[in-house]
1. Kindly provide the set of residues from the stretch 74-86 that are closer than 27 Å to Phe105 by Cβ, over 15 Å from the mean Cα position of the chain (by Cα) and either part of a loop (DSSP other than H, G, I, E, B) or not small (Gly, Ala, Ser) (or both), ordered by number.
2. Quick check on Arg45: is it under 28 Å from Trp165 (Cβ atoms), open to solvent by 70 Å² or more (accessible area, probe 1.4 Å) and touching a helix residue (DSSP H, G or I) at 6+ places or on another chain (Cβ under 9 Å)?
3. Within the stretch 22-29, is even one residue in contact with a strand residue (DSSP E or B) (Cβ under 9 Å, 6 or more places away or on another chain) and part of a loop (DSSP other than H, G, I, E, B)?
4. Among (1) touching a residue at least 12 places away in the same chain (Cβ under 8 Å); (2) in a loop (DSSP other than H, G, I, E, B); (3) on the phi > 0 side of the Ramachandran plot, which single condition is Gly61 missing?
5. Has the stretch 27-40 got at least one residue that is loosely packed, with under 13 Cβ neighbours inside 10 Å, of a type in the set (A, V, I, L, M, F, W, C) and free of Cβ contacts under 8 Å to residues at least 40 places away in the same chain?
6. Which of the residues spanning the stretch 87-104 are part of a helix (DSSP H, G or I), open to solvent by 20 Å² or more (accessible area, probe 1.4 Å) and not hydrophobic (A, V, I, L, M, F, W, C)?
7. From the residues in the stretch 56-73 that are among the hydroxyl-bearing types (Ser, Thr, Tyr) and within 22 Å of Pro110 (Cβ to Cβ), which one is surrounded by the most Cβ atoms within 10 Å (Cβ to Cβ)?
8. Can you name the residue in the stretch 114-154 that is among the small types (Gly, Ala, Ser) and within 15 Å of the chain's Cα centre (by Cα) and is also nearest to Lys169 (Cα to Cα) among such residues?
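The values are calculated or read from the model by the stated rules, or taken from the named source; none is laboratory data. Since the model is a prediction, treat every value here as computed from it, not as a measurement. Neighbour counts are summed over all protein chains in view; Cβ atoms, including those assigned to glycine, are modelled from backbone coordinates with ideal geometry. Just the protein is used for accessible areas: all its heavy atoms, side chains included, with ligands, DNA and RNA removed. Shrake-Rupley method; radii C 1.70, N 1.55, O 1.52, S 1.80 Å.
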Amino acid sequence: MKRTVDLILAAVAGIILLMPVLLVALLVRLTSQGPVLYWSDRVGRNNIIFKMPKFRSMKIGTPAVATHMLSDPGGYLTPVGSFLRKTSLDELPQLWSILKGDMSFVGPRPALFNQHDLIALRTQHGVHELVPGLTGWAQINGRDELPIPQKVVLDAEYLRRRSFWFDMKIIFLTVIKVIRQDSVTH
């Protein structure tokens, strides 16, 4: 049932968000050199690597590490990068990953391929068996501000509590967080 809901929501969101997606793509294209999309190597279900698209918010040549690991994250942002990240508009292309089945609307956020500590902890707690999500329980409980062990505790809690209604609650709370721009550090 979760996959069916993902497909329906992604198709509807894709239609509704078509104009904003095109506008953001144009903004990225006009304000910085390089491709509109950034394809990030991410860890999916059962620790299988997949390519996850995002609107490019960082300059070409930025190291492929978690943003908090950069010495000066703001120095790597494109002219519209900060806006895209604060509004989560950089995440819109992930609708493609949901349609493709690499992601779900709700699940643990996909780790970067080189976040070995996060991957190991998730595997230890069985979280690696879940399809990663556009949003998740950890995102609405701290997002960028959470240390990795705390994220994994919340991901494991989601694993235990997952249900249709819990997913709907997480989606609702995500919308509120995005509108308020809560817990966004870069």
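1. Once the filter is applied, which keeps residues that are closer than 27 Å to Phe105 by Cβ, over 15 Å from the mean Cα position of the chain (by Cα) and either part of a loop (DSSP other than H, G, I, E, B) or not small (Gly, Ala, Ser) (or both), the stretch 74-86 yields Leu77, Thr78, Val80, Phe83.
2. yes
3. Pass one, the stretch 22-29, residues in contact with a strand residue (DSSP E or B) (Cβ under 9 Å, 6 or more places away or on another chain): 24-25, 27-28.
Now drop any that are not part of a loop (DSSP other than H, G, I, E, B), which leaves none.
So far as the stretch 22-29 goes, no, none of its residues is in contact with a strand residue (DSSP E or B) (Cβ under 9 Å, 6 or more places away or on another chain) and part of a loop (DSSP other than H, G, I, E, B).
4. Answer for Gly61: the failing condition is (1).
5. Looking through the stretch 27-40, at least one residue is loosely packed, with under 13 Cβ neighbours inside 10 Å, of a type in the set (A, V, I, L, M, F, W, C) and free of Cβ contacts under 8 Å to residues at least 40 places away in the same chain.
6. Thr87, Glu91, Lys100
7. Of everything passing the filter in the stretch 56-73, Ser57 is surrounded by the most Cβ atoms within 10 Å (Cβ to Cβ).
8. Filtering first and then ranking leaves Gly136.
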